[in-house]
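Below is one structure; the comments refer to it alone.
The values are calculated or read from the model by the stated rules, or taken from the named source; none is laboratory data. Not measured: the values here are computed from a predicted model. Here the Cβ positions follow ideal geometry from the backbone for every residue, glycine too, while neighbour counts run over all protein chains shown.
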Amino acid sequence: MATKKAEIEYLATGRRKTAIARVRLSQGTGQVTVNGRTFEEYFPTTDLRLLVEGPFKAIERPGAFDVVAICEGGGIAGQAGALRHGISRALLQVDENFRPILKKAGLLTRDPRMKERKKPGQPGARRRFQFSKR
């Protein structure tokens, strides 16, 4: 009976704005799957693709890992940032020596900026109705 070699997977969660990305990283050929679709299909622009590939370029190992991710919430750009954050955090589990490289590139910092809530008695979060003296 042939035993299948257990493949090690690294799990991490990345966040940006209101987007959340659950990332599963494993040794492989560089295939990235997001929400069951290919990486190129899910992120149509090259800017977003470069953003997501950032952690692999920082550690100088493009194509060394396979990524399976589930992204929820926010928009496409927020999801790309969340995926980048999740991949960076998963790479720390692979090798703790990546920390200084990823930290210097700013890939471990969560981007906390979110839309501010609308306040009562105002048309927007900060916008006020026009002031009238008389």
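Couple of notes before you dig in:
- Being at negative phi, modelled with pLDDT of 90 or more and assigned to a helix (DSSP H, G or I) is a property that does not hold for Ala125.
- Within the stretch 2-60, the set of residues being on the phi > 0 side of the Ramachandran plot and either free of Cβ contacts under 8 Å to residues at least 24 places away in the same chain or of a type in the set (A, V, I, L, M, F, W, C) (or both) comprises Gly36, Glu60.
- Condition check for Arg99 on (1) in a loop (DSSP other than H, G, I, E, B); (2) under 30 Å from Glu7 (Cβ atoms); (3) of a type in the set (Lys, Arg): one failure, at (1).
Yes/no per residue for (1) in contact with a Cys (Cβ under 8 Å, 6 or more places away or on another chain); (2) in a loop (DSSP other than H, G, I, E, B); (3) of a type outside the set (D, E, K, R):
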{"residue": "Gly14", "(1), (2), (3)": "no, no, yes"}
{"residue": "Glu40", "(1), (2), (3)": "no, no, no"}
{"residue": "Pro44", "(1), (2), (3)": "no, yes, yes"}
{"residue": "Arg49", "(1), (2), (3)": "no, no, no"}
{"residue": "Lys57", "(1), (2), (3)": "no, no, no"}
{"residue": "Asp66", "(1), (2), (3)": "no, no, no"}
{"residue": "Cys71", "(1), (2), (3)": "no, no, yes"}
{"residue": "Gln79", "(1), (2), (3)": "yes, no, yes"}
{"residue": "Ile87", "(1), (2), (3)": "no, no, yes"}
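- Residue list for the stretch 56-84, filter: within 12 Å of Gly14 (Cβ to Cβ) and in contact with a Lys or Arg (Cβ under 6 Å, 6 or more places away or on another chain): Ile70, Gly74, Gly78, Gly81, Ala82
- Residues in the stretch 91-134 that are closer than 18 Å to Gly78 by Cα and either touching a strand residue (DSSP E or B) at 6+ places or on another chain (Cβ under 7 Å) or of a type in the set (A, V, I, L, M, F, W, C) (or both): Leu107, Leu108, Arg110, Asp111, Met114.
- Of all the numbered requirements in (1) surrounded by fewer than 17 Cβ atoms within 10 Å (Cβ to Cβ); (2) more than 28 Å from Lys115 (Cα to Cα), Asp47 misses one, and that requirement is (2).
- Within the stretch 16-34, considering residues that are within 13 Å of the chain's Cα centre (by Cα) and in a loop (DSSP other than H, G, I, E, B), the one surrounded by the fewest Cβ atoms within 10 Å (Cβ to Cβ): Thr18
- Looking across the stretch 88-120, the residues that are within 14 Å of the chain's Cα centre (by Cα), closer than 22 Å to Gly30 by Cβ and in contact (Cβ under 8 Å) with a residue 40 or more places away in the chain come down to Ser88, Arg89, Ala90, Leu91, Leu102, Leu107.
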